[in-house]
Every structure is written in C-alpha cells, then in structure tokens.
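The values are calculated or read from the model by the stated rules, or taken from the named source; none is laboratory data. No experiment lies behind these values; they were computed from the predicted model shown. So basically every Cβ, Gly included, is an ideal-geometry build from the backbone, and we count neighbours across all protein chains shown. Remember, those area values only see protein heavy atoms, side chains included, never the ligands or the DNA or RNA. Shrake-Rupley method; radii C 1.70, N 1.55, O 1.52, S 1.80 Å.
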Amino acid sequence: MQAEWTEGAIQWITTENATLKQRVRQLTTDNRTLDERLKAVRSNLRFQDRRVADLEARIAEPAPKS
C-alpha cells in the first residue's frame with residue numbers, strides 16, 4: 001500500500017510525535033517521583049505501625065506494684 005503524504009501532514013505527524021515523546025518522558029519522570037514517594041510513605045507507615053504496637057504492648061503490661 002502506497003500513500004502520498006503532503007508536507008503539512010508530515011510536519012504535523014513529526015510535531016505530534018515529538019510532543020508525545022516529551023509527554024512520555026514527563027509521565028515517566030512523574031511516575032518515578034510518585035513511586036519514590038509511595039515507597040517513603042510505606043516505610044513511614046511500617047515504622048508507625050511498629051511504634052503503635054510497642055505502645056499497645058506497654059499499655060497492656062501490668063503496672064509495677066509500689
């Protein structure tokens with residue numbers, strides 16, 4: 001199949017392709033940033049969970065007799 005492309009169509013496709021490539025790069029960067037933030041939040045949550053468990057265990061311990 002052979003198609004004839006006008007100069008305008010070629011220019012539009014080239015411009016659109018460059019725009020889409022830039023968008024892919026930006027989305028990849030955004031995704032990486034969000035992934036790093038998600039990992040940090042999960043790590044913080046694990047720390048908080050351990051802290052809460054420790055505090056719950058301390059509360060559950062019998063009070064020392066005076």
Exercise. Once the piece of chain linking Glu7 and Leu20 is laid out straight, how much longer is it, given 0.36 nm per residue of separation minus the C-alpha distance between them?
Worked result: 2.7 nm
For this session: Could you tell me how many degrees, from 0 to 90 and to the nearest 10, lie between the Cα long axis of helix 7-60 and the main elongation axis, the longest principal axis, of the Cα atoms of the chain?
Result: 0
Problem set entry | For the chain, accessible area per residue (1.4 Å probe, heavy atoms of protein chains only), Å² | 101
Seminar exercise, completed: Subtracting the Cα-Cα distance of Leu55 and Glu36 from 0.36 nm times their residue separation yields 4.0 nm
Exercise. When the accessible area of the chain is split by element with a 1.4 Å probe, what percent falls to carbon and sulfur?
Worked result: 56
Exercise. Farthest toward the dipole's positive end in the chain, which of Asn44, Ala60, Val24, given Cβ charges of +1 (Lys, Arg) and -1 (Asp, Glu) about the Cα centre?
Worked result: Ala60
For this session: Give, rounded to the nearest 20 debye, the magnitude of the charge dipole that the chain has about its Cα centre when Lys and Arg contribute +1 at Cβ and Asp and Glu contribute -1 at Cβ.
Result: 560
Problem set entry | Rh by Kirkwood over Cα pairs, then Stokes-Einstein D for the chain at 1.002 mPa s and 20 °C, µm²/s | 123
